[in-house]
């Protein structure tokens, strides 16, 4: 099979070395005669990889002991409910920043449980900007402020961390986590669905300041409280063991590759060359304010949308897969997470130049 | 590597043919150059296997169009909350039958949301029996009656379906589903964590009568309503795609092996020969009322518990893995789900006879 490059927004490409390890471990993992899918989460072998996964992600992100690291189910979408149920009381005010489709969904769910204050909103610019921080209308008594550091669909990314003083800062980092170092100590809670930079869909990483754990509303289902998982090492019930194992392989792989400083350098370079090519061309364009363009998801459109189908078909034939933009914005989107090698971006650029040449 | 037999209670052994397929599909599934973990759940390829999985499990269990078939996250344990939140109103009476550790946990969670009536309880017999149905104290106005057809830890199984008239019958079938044909039309709702007879941990099967969908309490988190998943084909948010794919392979495998009638014949035979050997010996014993012994989980103890450690070590060395009983009951437990071949049970019997001979 010839080499392909998978630009899927998620579930997304995994590191080749990780997939090879997964393959090698079936059907006999560690010489046990069993695959990792077939053993108890309570056993010594699994517990060891679960603990190592936590340790490695703590090391990668520099997470202090003031934070619990949890491995949950339900995706980032379940966090849209768990965050308000755990960090606010009924009817309490919460601040949210709306910068695209995912923050909008987070707001819709939290508004069912809280007094919602949308402190800032870039809907007017069709979610191509981040409202200047000095225009945010924050509450004096918010339980927390929630934002979405990277909007997977619009390709809008915060290249700074908002300052919220004593108000806990909560971030949905699903599509940006592990792409570069972050200062975890600035956050009350970080959550991320796995299926972009962590591993297969079906596991969710939550990093929560320990003093925020144990405050869930009394009528919260047990499995929707952070407390239950913090107390049990994320084994309140049977965890998604295979996804946890693959996430652990990804963490170990990132460490071996030089950690998040190394990832950041590559990711910045991959994004920069793609944006530069788009900006230099009048055939392609990207609508996002250059100050807040995503390193991870690069949406772009053709000047002539009639060429979209041809672009996608030819790209696919050239081994450049899953470049179709989200149905809500159209055009193309290149998701270039950690596991997308720089050669993939180079191959895409080469293809784009050639497609422009033959279609202008 | 020499052949081993894995008696884990769950996550549990998977069919060898399924594991071989999983291995063959990494790193290129269907010739796409991508593994199934790396593609969008919204894509045509994944949607096809998701729909086929549903179709196959409908066929295996004879599920009519009156029922929705959902693939969720959170395990059976999350259903302990979802069932009351979706099928009862606040403070409404619900009936539960307590026959072991798992029904006990289901009761504890539901009691937080409902007026709990424990209609029958076998705690007095240390959960080795099922209280006769004519002694059950059912409510006249229960929202539903919940029971646990197979108790994984105690090894107690219902070999009949309780008659509840117009009261919807709800069953946690985690450790018995697909082990034999069942009459789904007798149930309001059936749920099952995957990690025994379905696939890897991280996906949960829910079969729910359509007229019971859409009644969730108003303050239920969206991802805890059956309605959201019934309307979206279980794609309200990113599903655990890999686990869904493996479950689909298991369903197809069961069909190819002759379906649930064939499974039932083998499972009954495997269990019968194990119980017969235990009963014939004074060295081993099983405490469960013969009328309600599990086909899936066979707990047994040695007359002399001082021999337990030696039994487990020698069994392990002989390739008979994970036979240790649950910490709450001690002794041994042989979990003999669909994927445990009859040769595995035969090998265990041979070992038990030999161990008895050398240790009596």
Exercise. Roughly how crowded by other chains is peptide B:17-24, in terms of the mean Cβ count from those chains within 10 Å of each of its Cβ atoms?
Worked result: 4
Problem set entry | For residues of B:233-246, the mean tally of beta carbons on other chains within 10 Å | 5
Exercise. Inter-copy label distances at residue B:359, 7 Å along the Cα→beta-carbon direction, one decimal in nm, shortest first?
Worked result: 7.2
Problem set entry | Separation in nanometres of the label points that stand 7 Å from Cα toward Cβ, at residue B:307 and residue A:92 | 5.9
Exercise. How do B:177, A:278 rank when sorted from fewest to most other Cβ atoms within 10 Å of their own Cβ?
Worked result: A:278, B:177
For this session: Order by neighbour count: A:67, B:337, B:275, fewest other Cβ atoms within 10 Å first, most last.
Result: B:275, A:67, B:337
Exercise. Among B:349, B:169, B:145, which one shows the biggest mean-square fluctuation in a GNM of chain B, springs joining Cα atoms closer than 10 Å?
Worked result: B:349
Exercise. Which distances, in nm and shortest first, link the residue B:257 label point to the same label point in every other copy, taking 7 Å along Cα→Cβ?
Worked result: 3.8
Exercise. With contacts defined as alpha carbon pairs under 8 Å and 6 or more residues apart, what's the relative contact order of chain A in percent?
Worked result: 23
Problem set entry | Inter-centroid distance (Cα atoms) of region A:66-129 relative to region B:19-69, Å | 32
Exercise. GNM, chain B, Cα, under 10 Å: largest mean-square fluctuation among B:298, B:133, B:167?
Worked result: B:133
Problem set entry | Sorted peptide list for B:146-156, B:232-242, B:50-60, criterion being average Cβ within 10 angstrom, highest first | B:146-156, B:232-242, B:50-60
For this session: Would you mind calculating the relative contact order of region B:1-112 from Cα pairs under 8 angstrom and at least 6 residues apart, reporting the percent as a whole number?
Result: 12
Exercise. What number, in percent, do you get for the relative contact order of region A:159-218 if the mean sequence gap of Cα pairs under 8 Å and at least 6 apart is divided by its residue count?
Worked result: 28
Problem set entry | Overall dimensions of region B:16-256 as given by Cα atoms, namely Rg and Dmax in Å | 18.3, 60
For this session: Every other copy gets compared here: list the nm distances from the residue A:319 label point (7 Å along Cα to Cβ) to its counterparts, shortest first, one decimal.
Result: 4.2
Exercise. Which value at 222 nm does chain B reach when only helices count, each DSSP H run of 4 or more adding -39,500 (n - 2.57), with the total divided by all residues and rounded to the nearest 500 deg cm²/dmol?
Worked result: -11000 deg cm²/dmol
For this session: For peptide B:217-229, compute the average count of partner chain beta-carbon atoms within 10 Å of each residue's beta-carbon.
Result: 4
Exercise. If you take the square roots of the eigenvalues of the alpha-carbon gyration tensor of region A:207-360 and sort them as a ≥ b ≥ c, do you get rounded (a/c under 1.5), prolate (a/b over b/c) or oblate?
Worked result: prolate
Exercise. How do B:30, B:293 line up, fewest other C-beta atoms within 10 Å first?
Worked result: B:30, B:293
Seminar exercise, completed: In nm, the gap between the two label points placed 7 Å beyond Cα toward Cβ at residue B:65 and residue A:166 is 6.1
For this session: Report the far tail of the P(r) of the protein assembly as shown, meaning the percent of Cα-Cα pairs longer than 46 Å.
Result: 22
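Values in this text are rule-based calculations from the coordinates and carry no lab data. Not measured: the values here are computed from a predicted model. Because the Cβ atoms are built from the backbone with ideal geometry, glycine has one as well, and the counts that use them run over all protein chains shown.
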